[in-house]
1. I need the full set of residues from segment 62-81 which are more than 12 Å from the chain's Cα centre (by Cα), open to solvent by less than 70 Å² (accessible area, probe 1.4 Å) and of a type in the set (A, V, I, L, M, F, W, C), in order please.
2. Can Gln26 be described as polar (S, T, N, Q), at pLDDT 95 or above and under 11 Å from the mean Cα position of the chain (by Cα)?
3. Among the residues of segment 57-87, which ones are of a type in the set (Asp, Glu), under 20 Å from Ser2 (Cβ atoms) and not in a strand (DSSP E or B)?
4. Working only within segment 1-14, note down all residues that are in contact (Cβ under 8 Å) with a residue 60 or more places away in the chain and open to solvent by less than 50 Å² (accessible area, probe 1.4 Å).
5. Only residues in segment 88-104 that are of a type in the set (A, V, I, L, M) count as the first member; pair them with residues that are modelled with pLDDT of 90 or more and assigned to a strand (DSSP E or B), Cβ under 6 angstrom, at least 6 apart or cross-chain, and list the lot.
6. Please work out which residue is surrounded by the fewest Cβ atoms within 10 Å (Cβ to Cβ), limiting yourself to segment 25-56 and to residues that are assigned to a strand (DSSP E or B) and among the acidic types (Asp, Glu).
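The values are calculated or read from the model by the stated rules, or taken from the named source; none is laboratory data. In this text the structure is predicted, and so the values were computed from the model without any measurement. Quick reminder, even Gly has a Cβ in these numbers, built from the backbone with ideal geometry, and neighbours come from all protein chains shown. The protein model used for the area step is the full one, side chains on, heavy atoms only, and it has no ligands, DNA or RNA in it. Shrake-Rupley method; radii C 1.70, N 1.55, O 1.52, S 1.80 Å.
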Amino acid sequence: MSGWDRDAIDLVEPGYVEFARNGTGQFGFIAVHGWLDCRPVERDGRPGVEFTWEGSDEGDQVSGRGWAVMADDDTIEGHLFFHLGDDSSFRAKPFTDADEPDGP
């Protein structure tokens with residue numbers, strides 16, 4: 001994420017974003033947890049989603065919008081916006097067993 005350093009992003013748990021096939025999803029980073037309402041789109045010829053979200057940040061209600069697209073190297077890239085607040089670009093790759101805190 002461009003707006004925060006890696007130690008901050010993984011403060012509570014490893015930062016993540018998850019998109020479900022049913023048009024929903026969720027994300028978490030620092031002390032923020034959000035639930036997504038996604039719509040499929042194409043951006044610059046790449047498949048992706050645009051979404052709105054709502055959630056909590058240290059117990060305070062927060063909301064916003066964002067987007068994500070498939071990148072050429074099996075990652076996703078996008079941008080997350082807080083309503084009337086911060087925003088950050090992001091890049092994410094699929095989790096592997098090695099990414100898990102208790103992994104090999």
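1. Matches in segment 62-81: Val62, Ala71.
2. Working: polar (S, T, N, Q): yes; at pLDDT 95 or above: yes; under 11 Å from the mean Cα position of the chain (by Cα): yes.
It is true that Gln26 is polar (S, T, N, Q), at pLDDT 95 or above and under 11 Å from the mean Cα position of the chain (by Cα).
3. To start, the set of residues in segment 57-87 that are of a type in the set (Asp, Glu) comprises 57-58, 60, 72-74, 77, 86-87.
Add one more test, that the residue is under 20 Å from Ser2 (Cβ atoms), and what stays is 57, 72-73, 77, 86-87.
Scanning segment 57-87 gives Asp72, Asp73, Asp86.
4. Filtering segment 1-14 for residues in contact (Cβ under 8 Å) with a residue 60 or more places away in the chain gives 1-4, 14.
The answer is Gly3, Pro14.
5. Listed pairs, sorted by first residue: Ala92/Val17; Ala92/Ile76.
6. Residues of segment 25-56 that are assigned to a strand (DSSP E or B), as a first pass: 25-29, 32-43, 46-56.
With the extra rule that they be among the acidic types (Asp, Glu), the set shrinks to 37, 42, 50, 54.
Working: Asp37: 14, Glu42: 9, Glu50: 16, Glu54: 13.
Selected residue: Glu42.
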